[in-house]
Amino acid sequence: MSIFHNLFRSVCLLAALALSSFGTASAAVTPDSKPKDWPANPAQHKVRIHREAADAKQTAMIAIAEAAQPSQESLRNATEAAERNAPLGLNQSKKAPLHAGEKVWWYKEQLGIRIPSAITADAVAYYSDLVEKYGKQPLKRYTQPSSHLDYHASVKFHQEFKLGDKTFTGVNVVSLKLTFAQNFVATQTEGMQFQKERTVILDAAGKVIHISGDGPTEALILAI
């Protein structure tokens, strides 16, 4: 067996083990492997959305936080950062359009999937719809395809809240956290995973006074 053949097998095995660390890959792909037919299987594509609110007021606060759009500046900065950090010749991402007044929460696409600059209600709906669509698709893949969305939103009142070098008094803090992963669904040999968090601070009247967390998102892409 050639040195190249051994190296290829080793790389495939390491990639599969890395993917299996977040519960997706089940076997390494060897040079003689062939993709197989996988029927549609909703059980392998999970959506978990939990908005934790004690009353109607807190429900409204979460809705306000999710409706807050990222600024054009944050979208532009995220796009520029992605371009600077992309390895030479590997920047295959598609930029998001920057049009004032539109609900653009993503700043690029990779593997045909939007990468978020901010967590909004539209972003949550996008990934939820994507995972549900994946569950309805029969696919031809080397290993079992899967995907999941986990989203949690909560509200807490703070008499005093410190964030970086800023201090806020008498505010409601909405915390948003989204995790998305797809493995061998968008393509035959690639998986993607990322996590995004956003903190939205509201004053006593329910007005957004500060947002933290908008910007570039590190999307881990592993290939077999």
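The values are calculated or read from the model by the stated rules, or taken from the named source; none is laboratory data. The model shown is predicted, which means the values in this text are computed figures rather than measured ones. Don't worry about glycine lacking a Cβ; one is built from the backbone with ideal geometry, like all the others, and counts go over all protein chains shown. Heads up: the accessible areas ignore ligands, DNA and RNA and are worked out on the full protein's heavy atoms, side chains in. Shrake-Rupley method; radii C 1.70, N 1.55, O 1.52, S 1.80 Å.
Things to note:
- Taking segment 204-223 as the range and being assigned to a loop (DSSP other than H, G, I, E, B), open to solvent by 40 Å² or more (accessible area, probe 1.4 Å) and more than 15 Å from Y107 (Cβ to Cβ) as the test, the residues that pass are A204, A205, K207.
- Condition check for I201 on (1) assigned to a strand (DSSP E or B); (2) open to solvent by 10 Å² or more (accessible area, probe 1.4 Å); (3) farther than 24 Å from H148 by Cβ: one failure, at (2).
- Inspection of segment 126-146 finds a residue satisfying the criterion of being open to solvent by 40 Å² or more (accessible area, probe 1.4 Å), under 18 Å from the mean Cα position of the chain (by Cα), of a type in the set (S, T, Y) and at pLDDT 95 or above.
- Pairs, first under 16 Å from M192 (Cα atoms) and in contact (Cβ under 8 Å) with a residue 12 or more places away in the chain in segment 101-114, second among the hydroxyl-bearing types (S, T, Y) and assigned to a strand (DSSP E or B), C-beta under 9 Å, six or more apart: R114/Y107
- Tallying residues that are among the hydrophobic types (A, V, I, L, M, F, W, C), within 16 Å of the chain's Cα centre (by Cα) and over 15 Å from S146 (Cα atoms) within segment 173-193 yields 2.
- Scanning segment 110-143 for residues that are farther than 24 Å from A65 by Cβ and of a type outside the set (S, T, Y) yields a total of 11.
- Output for segment 147-170, where each listed residue is farther than 21 Å from Q195 by Cβ, open to solvent by 40 Å² or more (accessible area, probe 1.4 Å) and either touching a residue at least 60 places away in the same chain (Cβ under 8 Å) or touching a His at 6+ places or on another chain (Cβ under 9 Å) (or both): K166, T169
- Among (1) under 25 Å from D55 (Cβ atoms); (2) among the aliphatic types (A, V, I, L, M); (3) at pLDDT 95 or above - the single one V185 does not satisfy: (1)
- Q193 being in contact (Cβ under 8 Å) with a residue 60 or more places away in the chain, open to solvent by 50 Å² or more (accessible area, probe 1.4 Å), more than 14 Å from A123 (Cβ to Cβ) and not aromatic (F, W, Y): no
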